[in-house]
1. Note down all Cβ pairs under 8 Å where the first residue falls in segment 123-149 and is closer than 26 Å to Ile23 by Cα and modelled with pLDDT of 95 or more, the second is among the small types (Gly, Ala, Ser) and near the ligand (Cβ under 8 Å from one of its atoms), and they're at least six residues apart or on different chains.
2. Scan segment 47-62 and give yes if some residue there is in the same structural domain as Ala127 (by TED's automatic domain parsing), in a helix (DSSP H, G or I), open to solvent by less than 70 Å² (accessible area, probe 1.4 Å) and away from the ligand (no atom under 16 Å from the Cβ), otherwise no.
3. Evaluate segment 101-114: report whether one residue or more is aromatic (Phe, Trp, Tyr), buried (at least 18 other Cβ atoms within 10 Å of the Cβ) and in contact (Cβ under 8 Å) with a residue 24 or more places away in the chain.
4. Which residue pairs have Cβ atoms under 7 Å apart, sit 6 or more places apart or on different chains, and have a first residue in segment 180-191 that is farther than 19 Å from Ala165 by Cα and a second that is in a loop (DSSP other than H, G, I, E, B) and open to solvent by less than 80 Å² (accessible area, probe 1.4 Å)?
5. In segment 25-46, which residues are within 30 Å of Asp162 (Cβ to Cβ) and either under 17 Å from the mean Cα position of the chain (by Cα) or open to solvent by less than 50 Å² (accessible area, probe 1.4 Å) (or both)?
6. Kindly check whether there is at least one residue in segment 156-176 that is aliphatic (A, V, I, L, M), open to solvent by 70 Å² or more (accessible area, probe 1.4 Å) and more than 16 Å from the ligand (Cβ to nearest atom).
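The values are calculated or read from the model by the stated rules, or taken from the named source; none is laboratory data. Keep in mind it's a predicted model, so treat the numbers as computed, not measured. All Cβ positions, glycine included, derive from the backbone under ideal geometry; neighbour counts span all protein chains shown. Keep in mind that these areas ignore ligands, DNA and RNA; they rest on the heavy atoms of the full protein, side chains included. Shrake-Rupley method; radii C 1.70, N 1.55, O 1.52, S 1.80 Å.
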Amino acid sequence: MMLIHFMTLFPEMFTGPFSYSIIKRARERGLATLEMINFRDYARDRHSTVDDTPYGGGPGMVLKPEPIFEAVEDLQKRTGSKPYIILTTPQGETFSQETASELSKKPHLLFICGHYEGFDERIRVLADRELSIGDYVLTGGELPAMVMAEAIIRLLPGVLGDPEAADNDSFCDRILEYPQYTKPPVFRGMSVPEILLSGDHGKISVWRRKQALLRTARSRPDLLANLELTPEEQEFLKNKGIDVIG
Ligand SMILES: C[S@@+](CC[C@H](N)C(=O)[O-])C[C@H]1O[C@@H](n2cnc3c(N)ncnc32)[C@H](O)[C@@H]1O
């Protein structure tokens, strides 16, 4: 069972994305417990102030350290556990499938969601890890936290009906997934590749690996850079006009 806390000024934002389908079932079955904490509740003044103007001038507001520190300390006291703390920030290391897999082994995660111009620099000392979901800037850390938590929760044991499903996904082998088809066998003149209807699982598996490599070479050649390819796989890609250094 994994416990995940989200520290945010907008807890209601989390309701929709975590109330459907696989994540909903994971919560109902107790595989993941998700809780939102509004750190405004830890503001000390009459106006529940959580942000202030930046020292040295400049646009926007900066999140103050006191409410976030107090919320983290209170969480540790309440749960008796020290969560692995993730600060959502576009300045962090880019989140990946590998990071998701690593984090899925932690018993307790806490995502701190920023807003406005960002955090007071001193908040950084709370974090075990600073993570970004890509090189673009969003208005808050809520969507990034939801994206990361989603990717992590589906990897928890028992969450996906078929435990092999996640192993075949894109990035799991550090390459993109092979093409998938379902019924009907012919749709608007487009046929399902013959091999997938053959029932020959050995050949299907070779075909899928080659298609996955081809797709990766065409869409994400950067992923092939650190991959060890067999001479046959290199030859296959070469015949498709793709030169790979093995
Ligand atoms: C408007 S952004 C602040 C950006 C900050 N001024 C900077 O340049 O780094 C507000 C908050 O949204 C979140 N955020 C925005 N983009 C993100 C991204 N790509 N990945 C993770 N968090 C992000 C962070 O929590 C950030 O503190």
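1. These pairs meet every condition: Arg129/Gly92; Glu130/Gly92; Leu131/Gly92; Ser132/Gly92; Gly140/Gly114; Gly141/Gly114; Pro144/Ser132.
2. Initial filter on segment 47-62 (in the same structural domain as Ala127 (by TED's automatic domain parsing)): 47-62.
The next check asks that each one be in a helix (DSSP H, G or I); those that pass are none.
No: segment 47-62 contains no residue that is in the same structural domain as Ala127 (by TED's automatic domain parsing), in a helix (DSSP H, G or I), open to solvent by less than 70 Å² (accessible area, probe 1.4 Å) and away from the ligand (no atom under 16 Å from the Cβ).
3. Yes.
4. Pro185/Val192; Ser191/Pro185
5. If the condition is that a residue be within 30 Å of Asp162 (Cβ to Cβ) and either under 17 Å from the mean Cα position of the chain (by Cα) or open to solvent by less than 50 Å² (accessible area, probe 1.4 Å) (or both), then Ala26, Gly30, Leu31, Ala32, Thr33, Leu34 are the ones that fit.
6. For segment 156-176, residues aliphatic (A, V, I, L, M), open to solvent by 70 Å² or more (accessible area, probe 1.4 Å) and more than 16 Å from the ligand (Cβ to nearest atom): absent.
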